[in-house]
Amino acid sequence: MTKRVLILAADGFEQSELMEPKKALEDAGFETVVASLKPGSITGWKDKNWGDAVAVEMTLDEVSADDFDALLLPGGQMNPDILRMDDDAIDLVNDFDDAGKTIAAICHAPWLLAEADILDGRTVTGWPSIRTDLANAGADVVDEEVAIDGNFITSRNPDDIPAFSKALIDALTD
């Protein structure tokens, strides 16, 4: 059975941080499903301006951690800031963590892990401006292209996408 990866995002996601891992996962034979707070489409952020729209395949109220093998959280400044204010999004992150399923978060997306209060004692990385937030949430913060700690895979920025995608694919093939 093909493994499924839920991609949770909202308007303002970093274009490359959703599209490139999504393509890498699909090229490796995994199914991806984009979910968001509202139906229709969400618009990315690219090069200091609005990017491309991506179709929303399921809304947050239609998804369950039970139906997926991993959760991919793309960054961008706006996207995770919107999602961390939604209780259902945070509950979903907690559901993936409670089940021990892989959670891959890049750039600003580890904010969601902090909001879900699941960082205490975990080693993670993220965009420089959120590292204090991650440390304040109890994380051991490192400056590495990929930090893997149990079911968490985190990366810093778009330059890390190849290593981030590889780590996620490796986690799903183990």
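Filter the stretch 84-97 down to the residues that are within 24 Å of G150 (Cα to Cα), of a type outside the set (S, T, N, Q) and touching a residue at least 12 places away in the same chain (Cβ under 8 Å) and list them by number.
Correct list: R84, D88, A89, I90, L92, V93, D95, F96, D97.
Just checking, does the stretch 68-83 include any residue being free of Cβ contacts under 8 Å to residues at least 12 places away in the same chain and over 14 Å from T154 (Cβ atoms)?
no
Collect the residues in the stretch 96-116 that are in contact with a Pro (Cβ under 9 Å, 6 or more places away or on another chain) and either of a type in the set (S, T, Y) or part of a loop (DSSP other than H, G, I, E, B) (or both), keeping them in residue-number order.
Within the stretch 96-116, C107, H108, A109 meet the criteria.
Is at least one residue of the stretch 7-24 outside any helix (DSSP H, G or I) and surrounded by fewer than 16 Cβ atoms within 10 Å (Cβ to Cβ)?
No: the stretch 7-24 contains no residue that is outside any helix (DSSP H, G or I) and surrounded by fewer than 16 Cβ atoms within 10 Å (Cβ to Cβ).
For residues that are within 18 Å of Q77 (Cβ to Cβ), surrounded by fewer than 20 Cβ atoms within 10 Å (Cβ to Cβ) and either touching a helix residue (DSSP H, G or I) at 6+ places or on another chain (Cβ under 7 Å) or of a type outside the set (D, E) (or both), tally how many sit in the stretch 29-53.
Start the filter on the stretch 29-53 by keeping residues that are within 18 Å of Q77 (Cβ to Cβ), which leaves 36-37, 42-52.
Filter again for surrounded by fewer than 20 Cβ atoms within 10 Å (Cβ to Cβ), leaving 37, 43, 46-52.
This time we only want the ones that are either touching a helix residue (DSSP H, G or I) at 6+ places or on another chain (Cβ under 7 Å) or of a type outside the set (D, E) (or both), so: 37, 43, 46, 48-52.
Summing the residues that are within 18 Å of Q77 (Cβ to Cβ), surrounded by fewer than 20 Cβ atoms within 10 Å (Cβ to Cβ) and either touching a helix residue (DSSP H, G or I) at 6+ places or on another chain (Cβ under 7 Å) or of a type outside the set (D, E) (or both) in the stretch 29-53 gives 8.
Does the stretch 74-107 hold any residues that are in contact with a Ser or Thr (Cβ under 8 Å, 6 or more places away or on another chain) and over 14 Å from L6 (Cα atoms), and which are they?
Result: I106, C107.
Just so you know, all these numbers are worked out from the coordinates, no wet-lab data involved. On a predicted model such as this, the values are computed, not experimentally measured, just so you know. FYI the Cβ positions are ideal-geometry reconstructions off the backbone, even for glycines, and counts take in every protein chain you see.
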